[in-house]
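Chemist: Just passing along the structure, written as structure tokens.
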Amino acid sequence: DGVNAWLRVNDERSAIVQLAAAGIRVAPGAPFQLGEPGGFVRVTVGMVRDDVAAVGAALAAAALA
């Protein structure tokens, strides 16, 4: 539940693993997509209150993973 953002990533699995290592849980995007799955993860951002810059930097780095 909450506000969800879709983050385009080069490799869905690598992004999920990298973010998990940083303590950030995201959902794989493939189960939510119609047709051929692309490289996305679903990020629920409604509860982010602290360390917004650090979360943003981790998401940006994971997008390139």
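Chemist: Pull out all pairs, ordered by first then second residue, where Cβ-Cβ is under 6 Å, the residues are six or more apart or on different chains, the first lies in segment 1-27 and is open to solvent by less than 60 Å² (accessible area, probe 1.4 Å), and the second is among the basic types (Lys, Arg) and part of a strand (DSSP E or B).
Modeler: 27/42
Chemist: How many residues does segment 34-52 hold that are open to solvent by 50 Å² or more (accessible area, probe 1.4 Å) and not acidic (Asp, Glu)?
Modeler: 10
Chemist: Let me spell it out: the conditions are (1) open to solvent by 40 Å² or more (accessible area, probe 1.4 Å); (2) part of a strand (DSSP E or B), and residue 61 meets all of them except one. Which number is the exception?
Modeler: With (1) open to solvent by 40 Å² or more (accessible area, probe 1.4 Å); (2) part of a strand (DSSP E or B) applied to residue 61, the lone miss is (2).
Chemist: Ok, one more. Name the residues in segment 5-44 that are in a strand (DSSP E or B) and either more than 10 Å from the chain's Cα centre (by Cα) or more than 16 Å from residue 55 (Cβ to Cβ) (or both), would you?
Modeler: The answer is 8, 28, 40.
Chemist: Mind checking which residues of segment 28-49 are polar (S, T, N, Q) and without any contact (Cβ under 8 Å) to a residue 40 or more places away in the chain?
Modeler: 33
The values are calculated or read from the model by the stated rules, or taken from the named source; none is laboratory data. Please read all numbers here as calculations on a predicted model, not as lab measurements. Ideal geometry is used to build each Cβ from the backbone, glycine not excepted, and the neighbour counts take in all protein chains shown. With ligands, DNA and RNA removed, areas are computed over all heavy atoms of the protein, side chains included. Shrake-Rupley method; radii C 1.70, N 1.55, O 1.52, S 1.80 Å.
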